Amino acid sequence: MHARADAADTAPSWPDDIFATLQRFDVRQVPYVPDAGHSKLIQRVLGSSTMRGIALTTEEEGVALLAGAWTGGQRGVLLMQSSGVGNCINMLSLIPILRFPFLTLVTMRGEWGEFNPWQVPMGSTTQGVFELSGVKVLRASNAAEVPAVLEAAAAQAYNALTPTAVLLSQRLIGAKVFTR
């Protein structure tokens, strides 16, 4: 068995749009947990001379890393999948206490065409978890929305110090299916 993305656009350009926005906002540190939905963006970050991609073992490390980056004078963005949001609940309490800019980009699972029942519970509660933790939520469901949503999210996070999560819909990234 192997996984394949079931997205309509086989070579999506929206990861390039995200990368360009992050560059405009002078993002320097990009902690991530490896994820197929973020793979093109991660490759762009790893190939960049101005951004540092940092592989994590678990998502909550990324919240602390962003706090440390800000203390050191740098902006960051956390890349994760919706299944990892539950791992961050305790760490999200650092944001209002330390008042650092927090931006996370979350590839969604457990919605549009999901085949894996283990992804559904966290996928269906991701937005609520963020909102209850004081993080504003924006969503992009198609490639045309991504540039404007990312621009708004980055402005909220970095200029207004409003913790912000962008949910990248499973419809946008493509539902995973397993084939033989």
In order through region 98-107: 3J(HN,Hα) via Karplus (6.51 cos²θ - 1.76 cosθ + 1.60), integer Hz, x for Gly, Pro: 8, 6, 10, x, 10, 10, 10, 10, 10, 7
Portion, in percent, of the accessible area of the chain that falls on carbon or sulfur, probe 1.4 Å: 54 percent
task: Decide, for region 100-140, between rounded, prolate and oblate: order the square roots of the alpha carbon gyration tensor eigenvalues as a ≥ b ≥ c, take rounded if a/c falls under 1.5, and otherwise choose prolate if a/b is larger than b/c, else oblate.
output: prolate
task: In whole Hz, with x marking every Gly and Pro, tabulate ³J(HN,Hα) for region 123-137 from phi via Karplus 6.51 cos²θ - 1.76 cosθ + 1.60, θ = phi - 60°.
output: x, 7, 10, 3, 4, x, 4, 4, 4, 5, 8, x, 9, 6, 10
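Normalising by the residue count of region 21-145, find the relative contact order in percent from Cα pairs under 8 Å and 6+ residues apart.
On the way: 178 pairs, mean separation 28.1, N = 125.
Worked out over region 21-145, it gives 22 percent.
Hey, can you find the accessible area per residue of the chain for me, probe 1.4 Å, expressed in square angstrom? If you can, show how the numbers build up before the last one.
Values: 8470 Å² over 180 residues.
The answer is 47 Å² per residue.
With a ≥ b ≥ c taken as the square roots of the eigenvalues of the C-alpha gyration tensor of region 14-163, please select rounded if a/c is under 1.5 and otherwise prolate if a/b is larger than b/c or oblate if it is not? Each step should come with its number before you reach the end.
Working: a/c = 1.42, a/b = 1.16, b/c = 1.22.
Note, shape of region 14-163 comes out rounded.
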message: Output wanted: per-residue J couplings in Hz (rounded whole) for region 59-70, from phi through Karplus 6.51 cos²θ - 1.76 cosθ + 1.60, θ = phi - 60°, x for Gly and Pro.
response: 4, 5, 4, x, 5, 5, 4, 5, 5, x, 4, 5
message: Under 8 Å for C-alpha pairs, at least 6 residues apart: give me the relative contact order for region 81-180, rounded to a whole percent.
response: 37 percent
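The values are calculated or read from the model by the stated rules, or taken from the named source; none is laboratory data. Predicted, not measured: the structure shown is a model, and the values here were computed from it. Only protein heavy atoms, including side chains, enter the accessible area calculation; ligands, DNA and RNA are left aside. Shrake-Rupley method; radii C 1.70, N 1.55, O 1.52, S 1.80 Å.
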